[in-house]
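In what follows, a single structure is set out as structure tokens and then discussed.
The values are calculated or read from the model by the stated rules, or taken from the named source; none is laboratory data. From a predicted model like this one, the values you see are computed outputs, not experimental measurements. Methodologically, a virtual Cβ is constructed for each residue, glycine included, from the backbone with ideal geometry; neighbour enumeration extends over all protein chains shown. Each accessible area value is taken on the protein alone, full model and side chains, heavy atoms only, with ligands, DNA and RNA left out. Shrake-Rupley method; radii C 1.70, N 1.55, O 1.52, S 1.80 Å.
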2 protein chains.
Amino acid sequence: MKIGILGYGNLGRGVECAIRQNDDMQLSCVFTRRDPSSVKILTDNVNVYSVSEIEKHTAEVDVLVICGGSATDLPVQTPEYARLFNVIDSFDTHARIPEHFANVDEAAKKSGHTALISAGWDPGMFSLNRLYANCILPEGNDYTFWGKGVSQGHSDAIRRVKGVKDGKQYTIPVPEALEAVRAGENPTLTTRQKHTRECFVVPEEGADLAAIEEAIKTMPNYFSDYDTTVHFITEEELKRDHAGIPHGGFVFRTGVTGWEKEHKHVIEYSLKLDSNPEFTSSVILAYARAIYRLNKEGVSGCKTVFDIAPAYLSPMSADELRAHLL
Amino acid sequence: MKIGILGYGNLGRGVECAIRQNDDMQLSCVFTRRDPSSVKILTDNVNVYSVSEIEKHTAEVDVLVICGGSATDLPVQTPEYARLFNVIDSFDTHARIPEHFANVDEAAKKSGHTALISAGWDPGMFSLNRLYANCILPEGNDYTFWGKGVSQGHSDAIRRVKGVKDGKQYTIPVPEALEAVRAGENPTLTTRQKHTRECFVVPEEGADLAAIEEAIKTMPNYFSDYDTTVHFITEEELKRDHAGIPHGGFVFRTGVTGWEKEHKHVIEYSLKLDSNPEFTSSVILAYARAIYRLNKEGVSGCKTVFDIAPAYLSPMSADELRAHLL
């Protein structure tokens, strides 16, 4: 399978790295909106092209991994390139998934390509676990916790505060809430009871630290509904201690069975990730394999993780899977 | 969907209970090898038939859930009844899955029915999690722990020991092993380091307790490779404190990503189940829905959980799933 990457940021680089771990895949080319000569990739002897010339290179790519942002890039790019390629993205604006799906589905069906949107871990693996667990335990409660990990959106919000030079935000599940859910207590949890937020802020010289802290803690939507801690650190400390992009989280379903609903069950799925973009990339590539195969079988249109039989993700044959993993 | 149950033990009763939690299903009838008049089921106004008359009742059943044992019942029953019905079982002898699959596949293809074998949690949900995690993290290690829970096979083994009137065995993961795996340490673990075994034994009057304990602890295959604890209790205590059939366990995949494989990831899936047979039944019914739908689409032959796209398990439409669970 020849993989093309559109957009060479953290996610694109993650896809590039993950391709090396999948023997049936190779990186074919990278497309960028920047000047291609300015983009240095890790892999030797692979071309970087301007996205403006993408139509010339359709024969070089079996699946195009679109690594843009969900706010403005993907809603345009994924339907556009589904006209030319089998495409996959990690669109993660949950509320706009139905609309994005419809647009990509229309484009992919017209062109006979196969597309998959919202691959990754949430949406993605977390969604799958919500679905499986809801089907198994129809009567129950769902809980999702995120973290400990870096929230890009909240880190960006910090950096927009007056007097802030740089900063990073960690989302952290409240341990007592996790334990109550895990114990099957079915707690009703407010936003504040589920997660705390921890900020590491590099102030500009002479900035009013109290004002920064107040501005962050009272910021609506982002911080005001949470217990937030603000630490002021130096630029060196930020680089040394907070350069990574870890993340993770927990999906629970707690439910009951039995004639009198007398038996309780807890299903828990959790991820602890050193690198959010690299893990997301790894999920994307498994689904890239699936849509490539589906396209060969004559299937077109847009899919999600819900539509893909798990065996399609694996390089192993059905016989091997039954013998070794079932 | 009209569900038929073949075999009315713990699993059959679990299926009966779970049907009440799925609005699109109803219990149509129960087939038994016993005298039907001796089998009292929980549901009102549902017929219990002798399995010898099962051919007369094919029109009453959309999916037959076969609730026999894996050792001798299912290898015969599932292929046999795949000639007459869409069938599903929870065959759990991992080593014999390929052979069982081939037999059921042949019968189901000939008759145009859809079958699914090995539904449940292991094989079943644990297998799915092994597969997904292996596809996402091709370079890594797998760990499966079982328990804390009752092992039927080990409880049976205890009861065969001379001087034992009754008994129950719990399989328990070693907490230190779990923690080492969860921390991403990739330990190499012996059988003894992964699980301990705890036995609650009701001795016959005047039995030699020391001899019983010795016989259990040194029993090859079942106990000799484990640290085993034996508690002698009264029949009343066994009934009062050990009547349930809880189980559960943990599936881990730990792996690496990055250009230099510098980032570690831990994927963990765990179950904590008050009732092993009722949870297994709940998984079976979700997959019964899937094979019923597949059969309506014209698909025949044998499937496993690896072959079923998750959306087929849910009573919700694809639109609803994308809007609410993705």
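Plainly put, the tip 7 Å out from Cα toward Cβ on A:Glu106 is 5.2 nm from that tip on each other copy, the closest given first.
Rule-of-thumb check for the range B:250-326: C-alpha Rg over 2.2 N^0.38 Å?
Numbers: Rg = 17.2 Å, N = 77, 2.2 N^0.38 = 11.5 Å.
Rg over 2.2 N^0.38 Å, computed on Cα atoms: 1.50.
Here the Gaussian network model covers chain A, with springs between Cα atoms less than 10 Å apart; of A:Lys239, A:Lys110, A:Lys272, A:Lys239 fluctuates the most.
What is the percent carbon and sulfur in the accessible area of the range B:39-185, measuring with a 1.4 Å probe over the protein chains and ignoring ligands? C and S fraction of accessible area: 49 percent. The range A:100-117 and the range B:125-182 have Cα centres spaced 43 Å apart. Label-to-label distances for B:Glu262 across copies, nearest first, come out at 5.8 nm, using points 7 Å from Cα in the beta-carbon direction.
Grab the alpha carbons of the range B:8-68, take their convex hull, and tell me the volume per residue in Å³.
Cα-based convex hull of the range B:8-68, divided per residue, equals 89 Å³.
Over the C-alpha trace of the range B:66-183, radius of gyration and Dmax come out as 18.0, 52 angstrom. The tail of the calculated P(r) for the range A:142-292 beyond 29 Å holds 32 percent of all Cα-Cα pairs.
Listed peptides A:70-77, A:1-8 appear in the order A:1-8, A:70-77 once ranked by packing, highest mean of other Cβ atoms within 10 Å at the front. Backbone geometry of the range B:259-267 corresponds, through the Karplus equation with coefficients 6.51, -1.76 and 1.60 at θ = phi - 60°, to 3J(HN,Hα) couplings of 4, 10, 6, 8, 10, 9, 9, 10, 10 Hz, x marking Gly and Pro.
If both residues of a DSSP beta bridge must be in the range B:217-326, then about 90% of such bridges are antiparallel. Each other copy holds its own label point for B:Ala180; taking that point as 7 Å from Cα along Cα to Cβ, the gaps run 3.6 nm, nearest first. When both the range A:4-76 and the range A:233-255 are represented by their alpha-carbon centers, they are found 26 Å apart. Relative contact order, whole percent, for the range B:34-185 stands at 14, derived from Cα pairs under 8 Å and 6 or more residues apart.
Quick check for the range B:147-253: number of Lys pairs with alpha-carbon distance under 13 Å, counting only pairs 8 or more apart or on different chains? So the count of such lysine pairs works out to 4. Remark: the range A:119-207 carries 40 Å² of accessible area per residue (probe radius 1.4 Å; ligands, DNA and RNA excluded). Using only alpha-carbon positions in chain B, the gyration tensor eigenvalues give semi-axes of 34, 30, 17 Å once each is multiplied by 5 and square-rooted (largest first). Think of the range B:42-149 as having a plus end and a minus end, set by charges on the Cβ of Lys, Arg, Asp and Glu; of B:Leu74, B:Leu128, B:Ala107, B:Leu128 sits farthest toward the positive end of this dipole.
Sort B:Tyr49, A:Tyr287, A:Tyr312 from largest to smallest accessible area, using a 1.4 Å probe on the heavy atoms of the protein chains.
Listed by decreasing accessible area, they come as A:Tyr312, B:Tyr49, A:Tyr287.
Under a 5 Å amide H cut-off, with hydrogens placed 1.01 Å from N, B:Ile233 pairs with B:Val201, B:Val202 among residues at least 5 apart or on other chains. Across chain B, C-alpha contacts under 8 Å between residues 6 or more apart give a mean separation that, scaled by the residue count, equals a relative contact order of 20 percent. Close amide H partners of B:Val161, meaning residues 5 or more places away or on another chain with modelled amide H under 5 Å apart, do not exist here.
Per-residue mean of foreign Cβ neighbours for B:17-26 is 3 (Cβ atoms of other chains, 10 Å radius). For the range A:191-196, the Karplus equation 6.51 cos²θ - 1.76 cosθ + 1.60, evaluated at θ = phi - 60°, returns couplings of 3, 5, 7, 8, 9, 10 Hz by residue, with Gly and Pro reported as x.
Within chain A, no helix built from a complete DSSP H run reaches 27 Å or longer along its own axis (Cα positions) while carrying a mean Kyte-Doolittle hydropathy of 1.0 or higher.
DSSP bridge analysis restricted to the protein assembly as shown gives an antiparallel fraction near 55%, rounded to the nearest 5.
Averaged over the residues of A:308-321, the number of partner chain Cβ atoms lying within 10 Å of the residue Cβ comes to 5. When only C-alpha pairs under 8 Å and at least 6 residues apart count, what is the relative contact order of the range A:255-326, in percent? Reported relative contact order: 21 percent.
Over the protein assembly as shown, consider all pairs of different Cα atoms and compute the Kirkwood hydrodynamic radius from their mean reciprocal separation; express it in Å, one decimal. It works out to 26.9 Å.
Can you classify the range B:185-228 as rounded, prolate or oblate using the Cα gyration tensor, where a ≥ b ≥ c are the square roots of its eigenvalues, rounded means a/c under 1.5, and otherwise it's prolate if a/b beats b/c and oblate if not? In terms of gyration-tensor shape, prolate.
Interface of B with A. Using a 1.4 Å probe and counting protein heavy atoms only, the two chains hide about 6200 Å² of accessible surface, both sides summed. Taking all protein chains as they are arranged and a probe of 1.4 Å, the heavy atoms of A:Asp307 leave approximately 50 Å² accessible to solvent.
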